[in-house]
Each structure stands twice: as structure tokens, then as C-alpha cells.
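Presented below is the structure to which this report refers.
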Amino acid sequence: DVIDLRPLLGEAETRTKLTAGDVGDWIWPSDNALSIPLLSKDMQPRGLELPTNRWGARARRDRIEGGTFHFYTDDYRFESLWKNPAPVVNSGCYAVAEPNFSTNDEMPFAVFLWHLYRKRWLSRFWQSHGIEIWADLAVAPRYRQYALLGVPLGWKAYATYSFGSHGIEKVIAEAVLAEEHAGTDEILLWVVCGEESDLEVCRERGWIGTPAHQQAYLRNVGGGKRTSISAGAAISSPNSKTLLDYEEIL
């Protein structure tokens, strides 16, 4: 007789998924007076794991089995992860750039700190489930000096973006901060770029530059095989589309 194992397999898959109930009200180690969680230095990338995906650009039920998510998008697309960070773990991703909660120079310092706390808390939680973390640099210039609270000295893997009001000039200033924090100019800096000219700057400076619409491109040409990009490399845009063009096709 043929036994149908599909119900059993489906039940097993359900059991292995993380749920909101598995997420405790935890306090992580901290190295600062503000109790901003401290990232684990052992869980930082050595290269950019492809494909890259913007969180919210694909169905949450999809498992990507590798690859890297970033959160350089509207906050509403990832705000729910604060209540339940399990979907990132269940996605099967290899690494993420930290959630980039929006900040601005007019924002009260207490609000900025709340965004920073959530960013580091979520990142430390995901690290506890084996996900590597790119430390996010993209904060309002007024608060840049606090951007790396909770990032261990000597950390070498950073991420930011260049489009809209957050242009390449801000990225250059953030890179200086990252190099000072790392204690070396040999860092991994991943920049999600909205323009071809920004990708050129990444090539010139030895950063990893990817187009903001790279995830759509990889879906068209494939990219299931695990691949990574090392420092000094940049992905060229497949065409002249800008970030705004990409948003329109979603």
C-alpha cells in the first residue's frame, strides 16, 4: 500500500517554524549606559550573500534558503517585526542588514534611542538564531555619533543606502565613522544604490554596491545557487532604471 506522507510532512514543517510565542521578553548584554543591546562579534558577514532582497518585496511565506535581506524601504513594511521577529528566521535567509527605522534631525533624542534600541534588539535576536548581521549606518546626521552604540569595536561589516535625501555624500561620511569604529579602512561596506553613479563611487572606493532593484533582476535571471560578493566588488545595474522606476513596477 502507498502511504501518503504529505500530511505528516506538513505537520513537521509547522512544528519547526518559529512563532511569536517563542520570542521572549529578553534583555541582551550591553556595553553602554543606555542598555542598547550588544551585537555578537562572531555573527558578522565575511561577504555579501546573494541574492539580496528588500524586505516586503516578496511574499512572506516564501523561503529564500540563503541570501540577504535589507530594510531600506518604508517603515510600515517591517514595523510588525518588532512585535514578531520570527518571520525573518523562518524565511531561511543567511544574513540581514539591520532594520533601518527612519530618523531625522528634528526627531527628539529619546525617539531616536527607541529606534536604535529596537534595531539592535532585533539584530541580536536574529543572531541568536544563526543569522549574520550587517550593522546599519544610516541615521540622521545629528545622531550619527550614536549610530554604532551596541556595535563592538573592531566590527567590520556595515550597510547603508544611497537614494532619495540620503545621498552618496552621507554614505562617505558614514564610511569614515565605520572605519574609525573598526580601527581599519579594510571594512566591508554594502551600499544599496539608487543610481548608476553611486555604483561607480562604490567601485572606486572598494565598497560593495548593489542596485536597489537588484532583487527583481535576480528573479529574472536566476540566482538560486549560493553566491557571495567580497569587498572591492560592485554589482553593475542591468539597465538604467532608477529606484523610482523599480518602485513603480512592484
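FYI, it's all coordinate maths here, none of it is from the lab. Because the structure is predicted, anything quoted here is derived from the model rather than measured. A quick note on method: Cβ atoms are made from the backbone with ideal geometry, for glycine too, and the neighbour counts reach across all protein chains shown.
Key figures for this structure:
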{"read-out": "Sorted peptide list for 48-57, 123-132, criterion being average Cβ within 10 angstrom, highest first", "value": "48-57, 123-132"}
{"read-out": "Estimated FRET transfer efficiency (residue 80, residue 204; beta-carbon r; R0 35 Å; 0.05)", "value": "0.35"}
{"read-out": "Mean Cβ count within 10 Å, highest first, over the residues of peptides 114-122, 198-206", "value": "114-122, 198-206"}
{"read-out": "Hull-based mean projected area of region 71-216, where the convex hull spans the alpha carbons, in square nanometres", "value": "8.6"}
{"read-out": "Summed residue charge, Cβ within 10 Å of residue 188's Cβ, Lys/Arg positive, Asp/Glu negative", "value": "+1"}
{"read-out": "Average projection area in nm² (convex hull over Cα atoms of region 121-186, one quarter of hull surface)", "value": "4.8"}
{"read-out": "When region 161-211 is reduced to its Cα atoms, the Kirkwood hydrodynamic radius in Å", "value": "10.9"}
